[in-house]
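Undergrad: Take this structure first; my questions come after.
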Amino acid sequence: MSRLKSVGHKAELHNNVGINKEEIRYIVDLPSVPSIQESGSKLIKELMPKMLANSKIDGILTHQTHAPSDGEWQKEISSASLFAFYSMTCLLHKFPSQLISNLSIFNKCRAMIIFDRMNSLKTLVDRNVLTSKHFSPDD
């Protein structure tokens with residue numbers, strides 16, 4: 001930071017407001033293994049807020065609630081300063097591709113963290129898990 005100040009950098013002129021800690025949103029799609037779902041839920045609901053003090057982390061855990069609709073995807077991204085997605089399947093199999101061209105939902109979102117095709121559980125890594133049943137090779 002001092003290096004930037006020494007060269008005369010003025011963040012306010014560049015609209016660098018950073019990430020608002022009260023607007024962190026997520027969609028997490030954990031595999032349907034009870035031990036993974038339990039530890040993942042604990043990490044997101046209990047440990048993450050402790051690591052990021054004074055922050056508000058909210059979103060959708062698909063195994064506890066439901067798979068998000070197109071409108072819920074739009075709501076989560078458009079209301080986030082930082083949006084995170086985690087899944088063992090590809091993002092494009094979950095996120096409606098027609099919404100990518102609708103840049104208005106990305107106006108407020110300053111950063112996105114996407115962890116897709118995470119093969120963190122080797123016993124589940126096969127084509128049936130990594131490819132959504134809704135995937136069409138023509139997409």
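Undergrad: Taking every pair of alpha-carbon atoms in region 22-126, give the share separated by more than 16 Å as a whole percent. Mind dumping the intermediate values first?
TA: On the way: 3225 of 5460 pairs.
Cα-Cα pairs of region 22-126 separated by over 16 Å account for 59 percent.
Undergrad: Could you grab the relative contact order for region 22-126? Cα pairs under 8 Å, six or more apart, rounded to a whole percent. Write out the running numbers ahead of the final one.
TA: Working: 151 pairs, mean separation 34.4, N = 105.
Reported as a whole number, the value is 33 percent.
Undergrad: Between R3 and N107, what FRET efficiency comes out of the Förster formula 1/(1 + (r/R0)^6) with R0 = 30 Å and r the beta carbon distance, rounded to 0.05?
TA: Working: r = 31 Å, r/R0 = 1.03.
About 0.45, to the nearest 0.05.
Computed from the coordinates by the stated procedures, all read-outs in this text should not be read as laboratory data. None of these values were measured; they are calculated from a predicted model. In this analysis, Cβ positions are derived from the backbone assuming ideal geometry, glycine residues included, and neighbour counts consider all displayed protein chains.
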